[in-house]
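Let me begin by presenting the structure, written as structure tokens, before commenting on it.
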Amino acid sequence: MKAFKVLPLTLAVASTLGAFAASAASEADLQALEDRIATLESRAETTYQNDQQPAILTPDFEAPLGIIFSGYARYGAHYKAGDSRYVDIGTTGRSVGRLGNESNGGEFQFAKVFDAEDGPKWDLVLMFDHWSNSDWGSEGGVNLKKMYAGVTNVFESQPELYMWAGRDFHQRPQQGINDYFWMSHDGQGAGFYNLNLGGIKLDMGFVGQVADNGGALGDDSGRYAVTSKIHGIDLGIGGLELYANYGFASDDANSTANPNVDDETAWQVGAVMGLGDSNRIVAKYADGADDSVFDLAGDKQVIYVSLEGAYAATDNFIIDYLGSYKDISGDDAVDGNGRSVASSEYSAIVRPQYQWNSVHSTWLEAGYAYVDYANDDEDQGWKVTLSQNVSLGGLPWSRPMLRFYATVGDVESTRADVSETVDTVSFGAMFEAWW
């Protein structure tokens, strides 16, 4: 896809060279040519990158030539020797850790940025994704996840205000080591980011959930969310972000199985507080919902609190960690079979990482999770993964990365004094990259 970036540069350089050959070249002409090539090369590079969060255009962003190709992907072979391919327990993503415990897929984004002569900057963005795996709730293959237009630097008093309309990733704060989006409102609608309110900034959006017709290919489902976020608050020890969301529905959301969805509402509040450069606390309370107010789940309440971060023991030895607690309660806290999922969930993950040099690293990830159901059932699981990695760069987040790993673990479920254990023994090779 780099051809999309360099093709305009190649044509421009070729035309410049042709013009240069047709005239009597002087030193001044040669210097002008070199300056022109340097300018074109700088515009062929860009920091516009997809990291599974909304891409927010800024007034100082220099529009590159051609089409910007960005995305996230991981693909490889995962050999299963035990009962289950992955160690999956609870409702907080990969609660025993994601390393050697995640399925294949990717998100592939194309964007074009336009500079208006009078100052505004526009972008037009298209994304397809491929998560055709039941672990991700879709068997639909390739989906249309984004198609929107956005603009910034429209108002002189609010140069950083970015407005958008269309279909986009929306309000999906993520935790990395357990791959958990503790809020998620992807959909189609409109909104804005970075409205400056005297130093702090406000984001707001109105989005409709995309109907699941075997994938994200339908119109909106009749379920809607009004979302908001306040950020840019400096507490001295770190930043503070505040979230508040409200969910509701039209009668389009009603169905034979659930005929009165339009009578339901849901809301969430949440906060992220930074503790220095590498640690943070996440807290959430939801009523009628868990991770999304699209749920409109009735009498269901969720509390989630976590502490995550990293500790640098040496320049080459870094330890990532996460500990979390989640409480689910309410008469309507049930699964698809009508079984109560009211419970308390506990999770702890630690990942020591040693960087041998700027290419090779070794990671060990260990995790434990426990689910204590209100009806005295319980689940408990653990996982250990050893991974040898080859990456571009010498940091834990350097990508692309080739990963060769082995994973062991199990989940033990106790129901009415009957226990069942599902074990996982697997090994594999995969790449992971964001760009």
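Neighbours of Ile328, meaning other residues whose beta-carbon lies under 10 angstrom from its beta-carbon, give a summed charge of -1 when Lys and Arg score +1 and Asp and Glu score -1. Other residues with beta-carbon under 15 Å from the beta-carbon of Ala77 carry, at +1 per Lys or Arg and -1 per Asp or Glu, a net charge of +2.
Going by neighbour counts of Cβ atoms within 10 Å, the residues Ser426, Ser340 line up, fewest first, as Ser340, Ser426. On full extension, the segment bounded by Tyr354 and Val305 gains 14.8 nm, given 0.36 nm per residue less the C-alpha separation.
Under the combined filter of DSSP loop state and at most 15 neighbouring Cβ atoms within 10 Å, the stretch 323-414 retains these chymotrypsin sites (Phe, Trp or Tyr not before Pro): Trp356, Trp397.
Estimate the FRET efficiency between Glu412 and Tyr285 by the formula 1/(1 + (r/R0)^6), using the beta-carbon distance for r and 30 Å for R0, to the nearest 0.05.
Approximately 0.50, to the nearest 0.05.
Note on Ser329 and Val269: with the Förster distance fixed at 22 Å, the Cβ-Cβ geometry gives a FRET efficiency of about 0.85. From least to most packed, judged by other beta carbons within 10 angstrom and beginning with the fewest, Phe427, Phe155 follow the order Phe155, Phe427.
Ranked for footprinting exposure by Cβ neighbours inside 10 Å, fewest first, Val269, Val96 give Val269, Val96. In terms of overall dimensions, the stretch 318-435 has a Cα radius of gyration and Dmax of 18.2, 54 angstrom.
Positive contributions from Lys and Arg (+1) and negative ones from Asp and Glu (-1), summed over other residues with Cβ under 12 Å from the Cβ of Asp262, come out at -3.
In the structure shown, do any of Lys146/Lys201; Lys326/Lys383; Lys80/Lys146; Lys112/Lys284; Lys80/Lys112 have a Cα-Cα gap over 30 Å, and if so which? Violating the 30 Å Cα-Cα cut-off are Lys80/Lys146; Lys112/Lys284; Lys80/Lys112.
What does the C-alpha gyration tensor say about the overall shape of the stretch 334-392? Classify as rounded when a/c is under 1.5, otherwise prolate if a/b is larger than b/c, or oblate. Cα axes put the stretch 334-392 in the prolate bin. Across the stretch 107-123, coupling constants 3J(HN,Hα) worked out from phi with the 6.51/-1.76/1.60 Karplus curve, θ = phi - 60°, read 10, 10, 10, 10, 9, 10, 10, 10, 9, 7, 4, 8, x, x, 10, 10, 9 Hz, and Gly and Pro carry x.
Extension gain, Glu378 to Phe114, is 89.6 nm, computed as 0.36 nm per intervening residue step minus the present C-alpha separation. Between the amide H of Phe181 and those of Gln175, distances stay under 5 Å, these residues lying 5 or more places away or on another chain, with hydrogens modeled in the peptide plane. Computed from the C-beta positions of Leu364 and Asp252, the FRET efficiency with R₀ = 35 Å rounds to 0.10.
A short reminder: the numbers here are calculations on the coordinates, not readings from a lab. None of these values were measured; they are calculated from a predicted model. Note that each Cβ is placed from the backbone with ideal geometry, even for glycine, and that neighbours are counted across all protein chains shown.
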